[in-house]
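As structure tokens, the structure follows; a few thoughts come after it.
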Amino acid sequence: MATYLDCNATTPVESEVMDLMMRYLAEEYGNAGSRTHEFGVRAKQAVERAREHVAAVVGARRDDVIFTSGATESNNIVLLGLAASREGATRRHIVSTSIEHKAVLEPLEHLVEQGFEVTLIDPDQSGRIDAQAVLNAVRPDTLLVSVMHANNETGIVQPVEDITAGLPDAVWLHVDAAQTFGKLIAPLQSPRIDLISVSAHKIFGPKGIGALISRRRNGQRAPLSPLMFGGGQERGLRPGTQAVHLIAGFGVAAQLALRDHTQRQAACVAFRDGVLTAMARLGGQVNGDQEHCLPHVLNVSLPGLNSEAAMVALKGILALSNGSACTSTSYDPSHVLVAMGLEPGRIDSALRLSWCHLTPAVDWPHVCEVLRRMM
């Protein structure tokens, strides 16, 4: 069986998470909105416990957490919901980056069609955005700055802390933290980050559940208008019956992420040494500044070797990718690597390897042998 090296797409589910989810599927199956009996009360308690655990990861309050289906939905609520607010009627400029996930870029394209002006900041070849370039793009009519915390394709961490330090109070700040929630702790605890999008399935929880963290700043939250209506759940921003088993699983995953952060990171760093050694033997060119890279991700180009061919050759040995899972059916070149200014050949040969503390050892000499035959 192939060793799974696509944890940026989704992680395995921790056994403690699975056990609790099964309990809320098979035994505690009450609706959290049913307050007239003990099944509903216990379901509601499970939801609120999970809300506390998710909030704790970023140093937020329990009532700051709005459960969604994942970071994509959270991103859409932020971008489209803020644009539809009263503030969005008068301030119609947004600053973001050209390396955002499509869950940000596509809603921004929609807003442009609605008359908004969007400024996208490009990275340099390091894969990082210049914080000052973001701040310089802010105007009196800027409503929002939306910057991902770490890129899903390269693992490069963006200078969110520098942006928070210089951003005017009037501008709302949104961070897509799908790749860093529960992995980089301190930066996301900044009270200047107003809105944070997260997904459970990136931190060893279930797919189909995530959250939007919406903090109060100076006594106010960002004025988000709902995209759906009916039921009033999640402060009216995400109506519908709460998926208690998914929410409970997310809560445990968040609790474990905070508790085991140091050990998980150490395991990822140790595994990284083997990856770097193997790729160096193949003459690999690492994409992005490794001083600012997450410890569990490597984007590397293997000269003379098409990435699609490499993945086929490694089928049954390694399960890896050449970009975002959300665009894996597209044969267009990575918009992230293009924005970094990499040459076409280097982009075509780029592979993304992403692992975790649960990843078993890999026979790297064998991997190198398979790939060397194709070069």
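Values as computed for the structure displayed
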{"item": "Whole-Hz couplings from phi, Karplus 6.51/-1.76/1.60, listed for segment 55-61; x for Gly and Pro", "result": "4, 4, 4, 10, x, 9, 8"}
{"item": "Distance between segment 120-141 and segment 295-311 - C-alpha centres, whole angstrom", "result": "28"}
{"item": "Top of Ala254, Ala361, Ala137 by mean-square fluctuation, Gaussian network on the chain, Cα under 10 Å", "result": "Ala361"}
{"item": "Neighbour-count order for Asp176, Asp64, Asp332, fewest beta carbons within 10 angstrom listed first", "result": "Asp332, Asp64, Asp176"}
{"item": "Fraction of antiparallel bridges per DSSP, segment 15-259 only, in percent to nearest 5", "result": "45"}
{"item": "Proximal lysine pairs, segment 15-259, alpha carbons under 20 Å, eight or more residues apart or interchain", "result": "4"}
{"item": "Calculated from backbone phi, Karplus (6.51, -1.76, 1.60) coupling profile of segment 236-242 in Hz, x at Gly/Pro", "result": "x, 8, 8, x, x, 4, 6"}
{"item": "Under-5 Å amide H pairs with Ile121, H placed in peptide plane, nonlocal only", "result": "Ser96, Thr97, Ser98"}
{"item": "Charge dipole of segment 15-259 about the Cα centre (unit charges at C-beta), most positive-ward option of Gln242, His201, Gly40", "result": "Gly40"}
{"item": "Derived scalar couplings ³J(HN,Hα) [segment 260-267; Karplus, 6.51 cos²θ - 1.76 cosθ + 1.60; whole Hz; x for Gly, Pro]", "result": "9, 3, 4, 5, 5, 5, 4, 5"}
{"item": "Electrostatic dipole magnitude of segment 80-165 [Cβ: Lys, Arg +1; Asp, Glu -1; Cα centre; debye, to 20]", "result": "280"}
{"item": "Residues Glu161, Glu14 arranged by fewest to most Cβ contacts within 10 Å", "result": "Glu161, Glu14"}
{"item": "Spin-label model distance (nm) - Val370 vs Thr262, 7 Å beyond Cα toward Cβ", "result": "3.7"}
{"item": "Hypothetical label at Glu87: residues of segment 157-184 whose amide nitrogen lies under 11 Å (7 Å Cα-Cβ projection)", "result": "169-174"}
{"item": "Extreme residue, positive dipole direction of the chain, given options Val104, Leu212, Ala309 (C-beta unit charges)", "result": "Leu212"}
{"item": "Shape call, segment 281-369: gyration tensor on alpha carbons, a/c limit 1.5", "result": "rounded"}
{"item": "Global geometry of segment 276-327, whether rounded, prolate or oblate, following the gyration tensor of its Cα atoms and the 1.5 cut on a/c", "result": "oblate"}
{"item": "Debye, to nearest 20: dipole size of segment 257-316, +1 on Lys, Arg Cβ, -1 on Asp, Glu Cβ", "result": "200"}
{"item": "For the chain, built as a Gaussian network whose Cα springs stay under 10 Å, the top-fluctuating residue of Lys202, Lys102, Lys315", "result": "Lys315"}
{"item": "Point-charge dipole on Cβ atoms (K/R +1, D/E -1) for the chain, about Cα centre, debye to 20", "result": "820"}
{"item": "Rounded FRET efficiency, nearest 0.05, which uses the C-beta distance separating Glu106 from Glu48 and R0 of 30 Å", "result": "0.35"}
{"item": "Ranking of Ile163, Ile193, Ile121 by count of other Cβ atoms within 10 Å, fewest first", "result": "Ile121, Ile163, Ile193"}
{"item": "Qualifying chymotrypsin sites (Phe, Trp or Tyr not before Pro) for segment 1-103 [loop in DSSP, other Cβ within 10 Å: at most 14]", "result": "Tyr29"}
{"item": "Label assignment, Cα extents along the principal axes in Å derived from the structure, set (1) 66, 54, 33; (2) 60, 50, 48; (3) 73, 66, 53", "result": "(1)"}
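Taken together, the values in this text are just the output of simple stated rules run on the coordinates, not laboratory data. Model, not experiment: these values are computed from the prediction. Positions of Cβ are backbone-derived with ideal geometry, glycine not excepted, and every protein chain shown enters the neighbour counts.
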